[in-house]
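One structure below.
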Amino acid sequence: MTQQTTDERPGIAAAIVVHEGRVLMVRRRVSGGQLSWQFPAGEVEPGGEREAAAVRESQEETGLTVEAVKLLGERVHPKAGRLMPYTACQILGGKAHVADTEELAELAWASPGDIPEYVPYGLFKPLQDYLDGTSSA
């Protein structure tokens, strides 16, 4: 069952891009509270698909061409208060870089053990389970 937000703003789709055992993290120029480091993400357009938004935002923010592999889950983010679907994506092409310099300050490829340095309040359990599975594969 999907959790509902208290506002009517669109959801924020996050792309979970794992490559060579590391997950792509981006640091926003303007942080949303504690959310300075996060996954490539952006609003789901009205009538749009969650997975398509995650793919689009990956391209716009990091220059990577990715494809959605599977929806990992969604929740109302405890810090942002917005509905957030998380989509696992695989790289089809490109080299990760800060493509949207107005929105992003930097990006990093984080090992699963380093995630608490980027996201100190912990990850959504289905997302953590996915990352744990990719690091042991």
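The values are calculated or read from the model by the stated rules, or taken from the named source; none is laboratory data. Since the structure is predicted, the reported quantities are computational estimates derived from the model, not experimental observations. FYI the Cβ positions are ideal-geometry reconstructions off the backbone, even for glycines, and counts take in every protein chain you see. Heavy atoms of the whole protein, side chains included, go into the accessibility calculation; ligands, DNA and RNA do not. Shrake-Rupley method; radii C 1.70, N 1.55, O 1.52, S 1.80 Å.
Some observations on this one:
- Charge-dipole axis of region 20-137 as Lys and Arg at +1 and Asp and Glu at -1 on Cβ define it, positive-most pick from Ser36, Gly21, Gly48: Ser36
- Computed from the Cβ-Cβ distance with R0 of 22 Å, the FRET efficiency linking Val30 to Asp132 stands at 0.10.
- Surface accessible to a 1.4 Å probe, per residue, for the residues of region 3-137, Å²: 52
- Under 5 Å, built H, 5+ apart or other chain: amide partners of Leu72: Tyr86, Thr87, Ala88
- By DSSP, the beta bridges lying fully in the chain are antiparallel in about 85 percent of cases.
- Carbon plus sulfur fraction of accessible area for region 15-137, probe 1.4 Å, in percent: 48
- Summing +1 for each Lys or Arg and -1 for each Asp or Glu among the other residues whose beta-carbon sits under 10 angstrom from that of Glu61 gives -2.
- Net charge, Phe124 excluded, C-beta distance under 15 Å - Lys, Arg +1, Asp, Glu -1: +3
- Amide H contacts of His77 (H built 1.01 Å from N, under 5 Å, at least 5 apart or other chain): Arg82, Leu83, Met84
- Placing unit charges on the Cβ atoms only, positive for Lys and Arg and negative for Asp and Glu, gives the chain a dipole magnitude near 280 debye about its Cα centre.
- Note on exposure: Asp114, Asp129 ranked by accessible area (1.4 Å probe, complete protein assembly) read Asp129, Asp114, with the most exposed listed first.
- For region 40-53, Karplus couplings with θ = phi - 60° (6.51, -1.76, 1.60), whole Hz, Gly/Pro x: x, 7, x, 5, 7, 5, x, x, x, 8, 4, 5, 5, 5
- Sorted largest first, the principal axis extents computed over the alpha-carbon atoms of the chain equal 37, 30, 28 Å.
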